[in-house]
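Below is one structure; the comments refer to it alone.
The values are calculated or read from the model by the stated rules, or taken from the named source; none is laboratory data. Since the structure is predicted, the reported quantities are computational estimates derived from the model, not experimental observations. Neighbour counts run over all protein chains shown; Cβ positions are idealised from the backbone, glycine included. All accessible areas refer to the heavy atoms of the entire protein, side chains included, with ligands and DNA or RNA removed. Shrake-Rupley method; radii C 1.70, N 1.55, O 1.52, S 1.80 Å.
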Amino acid sequence: MATLLYIITEGMQGGPFELPNGTHILGSADESNIVIPDSTISAQHGQFTVTDGQIVYQDLGSQNGSFVSEQPITQPVTLSPGHILQAGNVHLQLVDNPEAVESVKRETAVISNIPIAIEPGDFGSIESGASAFEAKSSKWVKTYVIIAIVIGALLGGLLVFMVLM
């Protein structure tokens, strides 16, 4: 039985894509064997080469890269069922047993492309409601700003005085 490729990124539709023996191009172009219409997927993003159950993936010089275990793929890499491949912002998982797909989806953390809100404490503030910028403010900065404003006002007044004379 051929290995199947499933999209596991939240909100993405597509697949399963069957990977029988042969070469399969993953990309956003209609000519690709595995079409994923996403702006982070290049027209010809990567290539799967399947020979007697061995699956080798190669990035085809894509703009946003391909990754396995968060490591960029710079040369062909052998994959096996269970591996999660990231192409652009899309995460895909190899599965060899279609009956196990639902359990794999439950066990695998679904990866989201939605930005996560930054909380006040994310920048090391002591108090949860304190701003990270307040924690790093300095009295010297305020002093320099006041001095710059006073000097600017004096120079502006001197310039006006000289023009009127």
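One residue stands out in region 63-89 among those that are of a type outside the set (S, T, N, Q) and either within 10 Å of the chain's Cα centre (by Cα) or more than 22 Å from T51 (Cα to Cα) (or both): the one that is most open to solvent (accessible area, probe 1.4 Å), namely E70.
Of the residues making up region 32-58, those that are of a type in the set (A, V, I, L, M) and in a strand (DSSP E or B) number 5. Of everything in region 14-31 that is over 13 Å from L92 (Cβ atoms) and not in a strand (DSSP E or B), the residue that is most open to solvent (accessible area, probe 1.4 Å) is E31. Just a yes or no: is a residue in region 69-78 of a type in the set (S, T, Y), at pLDDT below 95 and touching an Asp or Glu at 6+ places or on another chain (Cβ under 8 Å)? The answer is yes, given that some residue of region 69-78 is of a type in the set (S, T, Y), at pLDDT below 95 and touching an Asp or Glu at 6+ places or on another chain (Cβ under 8 Å). Of all residues in region 60-81, those that are more than 23 Å from D38 (Cα to Cα) have Cβ atoms under 6 Å from Cβ atoms of residues that are at pLDDT below 95 and in a loop (DSSP other than H, G, I, E, B), 6 or more apart or on another chain, in P81/D96.
Could you please give the count of residues in region 32-62 that are open to solvent by 90 Å² or more (accessible area, probe 1.4 Å) and at pLDDT 95 or above? Before you say what the answer is, go through the steps one by one.
Looking only at region 32-62, we keep the residues that are open to solvent by 90 Å² or more (accessible area, probe 1.4 Å), and these are 33, 37, 39, 44, 52, 54.
Of the ones still in play, those that are also at pLDDT 95 or above are 44.
Summing the residues that are open to solvent by 90 Å² or more (accessible area, probe 1.4 Å) and at pLDDT 95 or above in region 32-62 gives 1.
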